[in-house]
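Visitor: The structure's right below; bear with me while I get my questions together.
The values are calculated or read from the model by the stated rules, or taken from the named source; none is laboratory data. Computed from a predicted model, the values in this text were never measured in an experiment. Neighbour counts are summed over all protein chains in view; Cβ atoms, including those assigned to glycine, are modelled from backbone coordinates with ideal geometry. Heavy atoms of the whole protein, side chains included, go into the accessibility calculation; ligands, DNA and RNA do not. Shrake-Rupley method; radii C 1.70, N 1.55, O 1.52, S 1.80 Å.
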Amino acid sequence: MADEEENNFWDDIDDDNDDDDDDDDDDFDFDINGDDDDFGDLDKHRKLPVFKKAMQIAELTHALVETFDKTKDIFNLRSQMMENAYILGAKIAGAEGGDIYSLRMENAVLIKINARELLTTTSLCKQQKLCDQDYLQLLRNEIEEFRKLFVDWVATFDRTNDIEDDWGIHF
């Protein structure tokens, strides 16, 4: 009985659409290439120096963890470092995706936490002798450069463009 009712339901739907040409493409007015003015420049974050540095850190971190002595990586630092590194760029893109101050600051806090965790993890890598110390120092230097760019980027956030979010945390 249930199958009969289900068939009748779908038959009714099909009957309602017999006059349609099933071409719904005209119902959607957007540019799939991202050039639609309603969305602005969806890739504007890619032009930011802080984003470019985040991507360099991700690449450097990837190259660094590939040199780890896997038998010594008992804390799975390789995965943790990659996660921290990839979050940097993703959160920058998220912060740039909307211009709401509190949302941008939330992303900035997550970026800071992940950058600091990545930096701190380099000390554990050194202690565990997972890789060449010169590579660790290179990553530390890049994170310091990122920090400077990050401070400049956060200074561009517009405090006046915000909404109340009822969570009680005000930046």
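Visitor: To the nearest 0.05, how large is the calculated FRET efficiency for Arg140 and Phe171 if R₀ is 22 Å and r is the Cβ-Cβ distance? Spell out each step's value before the answer.
Guide: Working: r = 28 Å, r/R0 = 1.28.
That pair, Arg140 with Phe171, gives E of 0.20.
Visitor: Here is a further query. How would Met105, Met81, Met55 line up by accessible area, probe 1.4 Å, largest first?
Guide: Met55, Met105, Met81
Visitor: Could I have the simple spin-label model distance between Glu83 and Leu110, label points 7 Å from Cα toward Cβ, reported in nm to one decimal?
Guide: Roughly 1.3 nm, to one decimal.
Visitor: Sticking with this structure for a sec: Among all the lysines, which ones have a C-alpha under 18 Å from Lys112's C-alpha, if same-chain residues fewer than 8 places away are not counted?
Guide: Partners found: Lys52, Lys53, Lys91, Lys148.
Visitor: Moving to a separate point now. Please express the shape of segment 41-171 as an equivalent ellipsoid: the semi-axes are the square roots of 5 times the eigenvalues of the C-alpha gyration tensor, given largest first in whole angstrom.
Guide: Three semi-axes, in Å: 31, 15, 12.
Visitor: Of the heavy-atom accessible surface of segment 72-171 (probe 1.4 angstrom), what whole percent is carbon and sulfur?
Guide: 55
Visitor: Also: Under 20 Å Cα to Cα from Lys129, which lysines show up? Leave out anything in the same chain fewer than 8 places away.
Guide: Straight-distance partners of Lys129: Lys70, Lys72.
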